[in-house]
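Participant: Sharing a structure, written as structure tokens. Questions coming.
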Amino acid sequence: MHFTGSRTPGRYPLALALLAALAASGAAKASEAWYLSYRHWQAYDWPEHATSASEVSRSQRALGWRRQVTGGDLGLDYDYQPLRLRAGEPAHNGHLHRVTAGGQWQWGRYRMAARAGLAGTSNMFKYQDFHHKAVNGQVAAFRAMADGSPFSVGIGGDHRFGSFGWLPRLRWASTTGHGHWLVDLPVLLRWQSPGQKLAARIERVGDRWATLDSDRAVQSALYLCEWRAELTYRVSPARRWRPGVTLGLGGSLDTRVEYRDLGLGTVDRTLGDALFGRIRLDW
């Protein structure tokens, strides 16, 4: 594997620290879990009235591993997301792959969450030809307002709103007889019923994938971000070798995509809204 580009990725130290934490986690008392997930969206209508344009199809396959450790969790995740933009001459093939490592940890009043990895089009992984935009990550740090307080303040950096940026965060978590609430402004609102059979969430989702054209000469990036609302129902828990099954129904709102077009240059489009369904298996 090799990297091309004029500068060295600035997130290498974070990636190395996360991989070291994963390697060291075997010594800690922990429980492990695996998951498989498939999400499929209804087709988006192409926003431009062009004879060469057709609807945009989208789906996502994902698998991952989690290890619960003292004070937090660690994990590895991989997902493949075809986003077929059948108009113009995009400098990529629309097959987006992402592999990340990371987790979250808490020490007293302090909480930290971080992930780092590679995200790019399929020809990058096939030919192991990565440029600097393939290295990706997100980080957030919080401090509770007082010992035992449900409120925390912090800051987070990620691609949720497009280009990498830092935002102040306000976090509140509470568990009552009606379930567990987590509010992480301005990016997440989540509720889980007692026993976690039902769950609902509204979340800001966004990331960057490095791209190459078919000749592997044009280096660029694709940004995809949206608001995502989802209701999930756990049909059955995992038992021995039988996986737990969870079904989800939701919608992606104000989906935006920015990418390089060989004829038009940088293109920033709103794909609009679309419903999706999801199935997840847990072991």
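Participant: Quickly run through segment 191-225 and pick out the residues that are among the polar types (S, T, N, Q) and surrounded by fewer than 16 Cβ atoms within 10 Å (Cβ to Cβ).
Facilitator: Ser193, Gln196, Ser214
Participant: Give the residue, chosen from Arg61, Arg67, Arg39, Arg7, that is of a type in the set (Lys, Arg) and at pLDDT below 85. Steps first, answer last, please.
Facilitator: Working: Arg61 fails: at pLDDT below 85; Arg67 fails: at pLDDT below 85; Arg39 fails: at pLDDT below 85.
Of the residues listed, the single one that is of a type in the set (Lys, Arg) and at pLDDT below 85 is Arg7.
Participant: While we're here: Filter segment 169-190 for residues that are open to solvent by 60 Å² or more (accessible area, probe 1.4 Å) and over 24 Å from Leu224 (Cβ atoms); which is farthest from the chain's Cα centre (by Cα)?
Facilitator: Step by step, filter segment 169-190, then rank; the result is Gly177.
Participant: Moving on. Would you be able to say whether some residue in segment 162-183 is of a type in the set (A, V, I, L, M), free of Cβ contacts under 8 Å to residues at least 60 places away in the same chain and not in a strand (DSSP E or B)? Before the answer, list the steps.
Facilitator: The first filter runs over segment 162-183 and keeps only residues of a type in the set (A, V, I, L, M), leaving 167, 170, 173, 182-183.
Checking which are free of Cβ contacts under 8 Å to residues at least 60 places away in the same chain leaves us with 167, 170, 173, 182-183.
Applying the additional criterion that residues be not in a strand (DSSP E or B) yields none.
No, the conditions are met nowhere in segment 162-183.
Participant: Give the residues of segment 85-106 that are crowded, with 17+ Cβ neighbours inside 10 Å and either closer than 21 Å to Arg280 by Cα or of a type in the set (Lys, Arg) (or both), sorted by residue number.
Facilitator: Across segment 85-106, the qualifying residues are Leu96, His97, Arg98, Thr100, Ala101, Gly102, Gly103.
Participant: Restricting the first residue to segment 260-276 and requiring it to be more than 20 Å from Tyr44 (Cα to Cα) and aliphatic (A, V, I, L, M), which pairs with a second residue that is open to solvent by 10 Å² or more (accessible area, probe 1.4 Å) and not in a strand (DSSP E or B) meet a Cβ separation below 9 Å and a spacing of at least six or different chains?
Facilitator: Leu262/Gly88; Leu262/Glu89; Leu262/Asp213; Leu262/Val218; Leu264/Gly88; Leu264/Glu89
Participant: OK, next. Suppose we filter segment 120-167 for residues that are aromatic (Phe, Trp, Tyr) and in contact with a helix residue (DSSP H, G or I) (Cβ under 9 Å, 6 or more places away or on another chain); how many remain? Don't jump to the end; show me each part of the working.
Facilitator: Of the residues in segment 120-167, the ones aromatic (Phe, Trp, Tyr) are 125, 127, 130, 142, 151, 161, 164, 166.
Now drop any that are not in contact with a helix residue (DSSP H, G or I) (Cβ under 9 Å, 6 or more places away or on another chain), which leaves 130.
Counting residues in segment 120-167 that are aromatic (Phe, Trp, Tyr) and in contact with a helix residue (DSSP H, G or I) (Cβ under 9 Å, 6 or more places away or on another chain) gives 1.
Participant: Please tell me if Thr270 is assigned to a strand (DSSP E or B) and out of contact with any Leu (no Cβ under 9 Å at 6 or more places or on another chain). Let's see the steps before the verdict.
Facilitator: Values: assigned to a strand (DSSP E or B): yes; out of contact with any Leu (no Cβ under 9 Å at 6 or more places or on another chain): yes.
Judged against the criteria, Thr270 is a match.
Participant: Does segment 112-119 include one or more residues that are within 28 Å of Ala238 (Cα to Cα) and either β-branched (Val, Ile, Thr) or open to solvent by 40 Å² or more (accessible area, probe 1.4 Å) (or both)? Talk me through it step by step, then tell me what you get.
Facilitator: Start the filter on segment 112-119 by keeping residues that are within 28 Å of Ala238 (Cα to Cα), which leaves 113-115.
Add one more test, that the residue is either β-branched (Val, Ile, Thr) or open to solvent by 40 Å² or more (accessible area, probe 1.4 Å) (or both), and what stays is 115.
Checking segment 112-119: at least one residue is within 28 Å of Ala238 (Cα to Cα) and either β-branched (Val, Ile, Thr) or open to solvent by 40 Å² or more (accessible area, probe 1.4 Å) (or both).
Participant: Scan segment 125-144 and give yes if some residue there is closer than 27 Å to Thr70 by Cα, touching a Lys or Arg at 6+ places or on another chain (Cβ under 6 Å), in a loop (DSSP other than H, G, I, E, B) and not hydrophobic (A, V, I, L, M, F, W, C), otherwise no.
Facilitator: No, that holds for no residue.
The values are calculated or read from the model by the stated rules, or taken from the named source; none is laboratory data. Computed from a predicted structure; not experimentally measured. So basically every Cβ, Gly included, is an ideal-geometry build from the backbone, and we count neighbours across all protein chains shown. SASA here: full protein model, heavy atoms, side chains in, ligands and nucleic acids out. Shrake-Rupley method; radii C 1.70, N 1.55, O 1.52, S 1.80 Å.
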